[in-house]
Amino acid sequence: MRKVVDLKTALSYALAVALASGTALAAEASRAPAGSANGTAVETITLKNGAGVSAKILTYGATLQSLSGPGKDGAIADVLLGYDDLKSYVDYPNYFGVTVGRYANRIAGGKFMLDGKAYQLPLNDKVNTLHGGGKGFDKQVWKIVSIKSGPVATLVLSLTSMDGDSGYPGKLDTTVTYTLDESGNLGIAFDAKSDKPTIVNMTNHAIFNLAGEGSPDGALGHMLTIPAKAYTPVDAALIPTGELKPVAGGVFDFRKARRVADGIRDGRDPQIVAGRGYDHNWALDKGVTKTPELAARLEDPVSGRVLEVLTTEPGVQFYAGNFLDGTLVGKSGHLYRMGDGIALEPQKFPDAPNKPTFVSARVDPGKPYHHAMVYRLSVKR
């Protein structure tokens with residue numbers, strides 16, 4: 001019996017990608033103790049393929065702790081900002097690589113209405129709720145459902161969020177499925193089913209520097225492409241106004257690849273001022289799709305590493321690490337500063353429960369939530 005309705009679909013998709021690549025089918029999954037959080041044992045699971053791409057996942061927060069792969073010179077580098085040890089994820093949370101939920105991004109005032117009833121969530125982002133609230137999915141220890149090697153290395157994690165957890169209605173049974181194939185496709189499938197009407201918006205919050213985590217030049221020299229004609233402008237509290245604004249001719253136009261640095265400090269644009277740089281959602285031209293399609297492409301011209309982000313969701317939040325201020329000591333003792341990494345988070349639009357024109361985030365009994373995304377790591381030589 002399947003744990004979640006769409007798990008079989010997620011695994012079948014990952015296998016199909018591997019078969020289509022025409023490469024040897026061999027990927028390994030292994031596990032090791034990582035310590036404990038809140039009195040519960042935590043493990044690290046490593047997925048590794050034969051081409052030098054590997055991912056480490058912590059059961060705490062269903063966190064993608066590292067993603068490593070070769071550059072054009074063959075040197076392997078970890079391209080994710082984060083911490084070397086579990087304790088730092090617990091003591092100094094900053095969403096590095098975590099699974100965020102129940103609702104990723106912001107909800108205005110932490111309030112929403114559902115079937116005529118008002119719900120109030122914790123306020124953990126000044127006057128708003130961010131990434132689920134003060135104790136979201138990123139601060140829970142997830143259970144291991146299964147781990148296996150084979151054509152596609154696979155890890156399945158589960159978590160149950162009880163009715164009323166952080167103010168959300170409905171008992172929510174969730175799984176996160178990580179898969180890695182020989183082509184460097186790291187798949188992440190989020191599935192959830194509820195016994196009451198509720199809202200769900202899950203994603204991964206990895207922050208990338210393709211030159212290698214801690215690279216002194218940061219990620220602002222990366223070339224970014226986002227296939228979107230419009231984005232969602234925000235107010236001073238970073239809540240979307242409800243408008244879909246065309247990107248044409250402005251600093252939000254990434255339909256053709258260009259350097260992140262070219263617009264990130266352009267104070268003539270009031271949206272750049274509001275976000276202290278880029279911290280906005282793009283409305284992808286593709287909309288909602290049955291299988292993952294391109295949401296963003298990021299390239300480091302120096303190392304040659306390329307990251308493609310694919311998703312079934314209608315939006316992608318591009319965050320350029322604007323609130324990293326050098327106070328966090330990350331991997332290998334590196335201080336993280338603004339622009340040291342870039343997050344590309346596929347998702348429903350921020351504050352969708354309060355914006356009727358946005359794609360709905362509602363989930364009902366018998367109608368499970370499913371979001372499939374892929375981080376595809378490759379090399380341009």
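The values are calculated or read from the model by the stated rules, or taken from the named source; none is laboratory data. From a predicted model like this one, the values you see are computed outputs, not experimental measurements. Every residue, glycine as well, gets a Cβ built from its backbone with ideal geometry; the counts of neighbours run over all protein chains shown.
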When segment 240-249 is checked residue by residue, the ones that are part of a loop (DSSP other than H, G, I, E, B), farther than 11 Å from residue 108 by Cβ and in contact (Cβ under 8 Å) with a residue 12 or more places away in the chain are 244, 247, 248
Of 267, 214, 250, the only residue that is in contact with a helix residue (DSSP H, G or I) (Cβ under 7 Å, 6 or more places away or on another chain) and either surrounded by fewer than 18 Cβ atoms within 10 Å (Cβ to Cβ) or closer than 22 Å to residue 312 by Cα (or both) is 267
Taking segment 126-147 and the residues there that are free of Cβ contacts under 8 Å to residues at least 40 places away in the same chain and part of a strand (DSSP E or B), the one that is farthest from the chain's Cα centre (by Cα) would be 146
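Considering only segment 161-169, I want to know if a residue exists there that is over 15 Å from residue 104 (Cβ atoms) and polar (S, T, N, Q). Outline the logic, then answer.
Here is the first cut: in segment 161-169, the residues over 15 Å from residue 104 (Cβ atoms) are 162-165, 167, 169.
Retained after the next criterion (residues that are polar (S, T, N, Q)): none.
No, segment 161-169 contains no residue that is over 15 Å from residue 104 (Cβ atoms) and polar (S, T, N, Q).
Please pick out the residue among 226, 199, 207 that is in contact with a Pro (Cβ under 6 Å, 6 or more places away or on another chain) and not small (Gly, Ala, Ser).
On the way: 226 fails: in contact with a Pro (Cβ under 6 Å, 6 or more places away or on another chain); 207 fails: in contact with a Pro (Cβ under 6 Å, 6 or more places away or on another chain).
Criteria check complete, one pass: 199.
Hey, can you tell me all the residues within segment 301-332 that are on the phi > 0 side of the Ramachandran plot, assigned to a loop (DSSP other than H, G, I, E, B) and at pLDDT below 95? Reasoning before the result, please.
From segment 301-332, those on the phi > 0 side of the Ramachandran plot are 304, 321, 326, 332; that's our starting set.
Narrowing the set further to residues that are assigned to a loop (DSSP other than H, G, I, E, B) leaves 304, 321.
Listed by number, the list holds a single entry, 321.
Results for (1) over 19 Å from the mean Cα position of the chain (by Cα); (2) within 25 Å of residue 185 (Cβ to Cβ); (3) at pLDDT 95 or above, shown as yes or no for each residue.
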residue	(1), (2), (3)
19	yes, yes, no
25	yes, yes, no
41	yes, no, yes
49	yes, yes, yes
68	no, yes, yes
By residue number, the members of segment 43-65 that are surrounded by fewer than 24 Cβ atoms within 10 Å (Cβ to Cβ) and either under 21 Å from residue 102 (Cα atoms) or polar (S, T, N, Q) (or both) are 44, 46, 54
By residue number, the members of segment 98-125 that are within 21 Å of the chain's Cα centre (by Cα) and buried (at least 22 other Cβ atoms within 10 Å of the Cβ) are 98, 99, 100, 101, 102, 103, 104, 105, 106, 107
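Please enumerate the residues belonging to segment 210-239 that are of a type in the set (Ser, Thr, Tyr) and either at positive phi or not in a loop (DSSP other than H, G, I, E, B) (or both).
Selection gives 225, 231, 232.
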Of (1) of a type in the set (Gly, Ala, Ser); (2) farther than 20 Å from residue 299 by Cα; (3) over 13 Å from the mean Cα position of the chain (by Cα); (4) crowded, with 19+ Cβ neighbours inside 10 Å, residue 88 fails just (4)
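Just wondering, is there one or more residues in segment 271-279 that are of a type in the set (S, T, N, Q), over 18 Å from the mean Cα position of the chain (by Cα) and either under 23 Å from residue 223 (Cα atoms) or crowded, with 16+ Cβ neighbours inside 10 Å (or both)? Before you say what the answer is, go through the steps one by one.
Going through segment 271-279, the residues of a type in the set (S, T, N, Q) turn out to be 271.
Next, from what is left, pick out any that are over 18 Å from the mean Cα position of the chain (by Cα): 271.
Next cut, either under 23 Å from residue 223 (Cα atoms) or crowded, with 16+ Cβ neighbours inside 10 Å (or both) only: 271.
For segment 271-279, residues of a type in the set (S, T, N, Q), over 18 Å from the mean Cα position of the chain (by Cα) and either under 23 Å from residue 223 (Cα atoms) or crowded, with 16+ Cβ neighbours inside 10 Å (or both): present.
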Condition first: surrounded by fewer than 23 Cβ atoms within 10 Å (Cβ to Cβ), among the aromatic types (Phe, Trp, Tyr) and closer than 21 Å to residue 197 by Cβ. Can you find one or more residues in segment 317-340 that meet it? no
- Message: Going residue by residue through segment 282-291, is there one that turns out to be in contact with a helix residue (DSSP H, G or I) (Cβ under 9 Å, 6 or more places away or on another chain), surrounded by 23 or more Cβ atoms within 10 Å (Cβ to Cβ) and either outside any loop (DSSP other than H, G, I, E, B) or not hydrophobic (A, V, I, L, M, F, W, C) (or both)?
- Response: no
Restricting attention to segment 333-353, does a residue exist that is of a type in the set (A, V, I, L, M), in contact with a helix residue (DSSP H, G or I) (Cβ under 8 Å, 6 or more places away or on another chain) and assigned to a strand (DSSP E or B)?
yes
Within segment 233-270, restricting to residues that are among the small types (Gly, Ala, Ser) and within 24 Å of the chain's Cα centre (by Cα), the one that is nearest to residue 306 (Cα to Cα) is 257
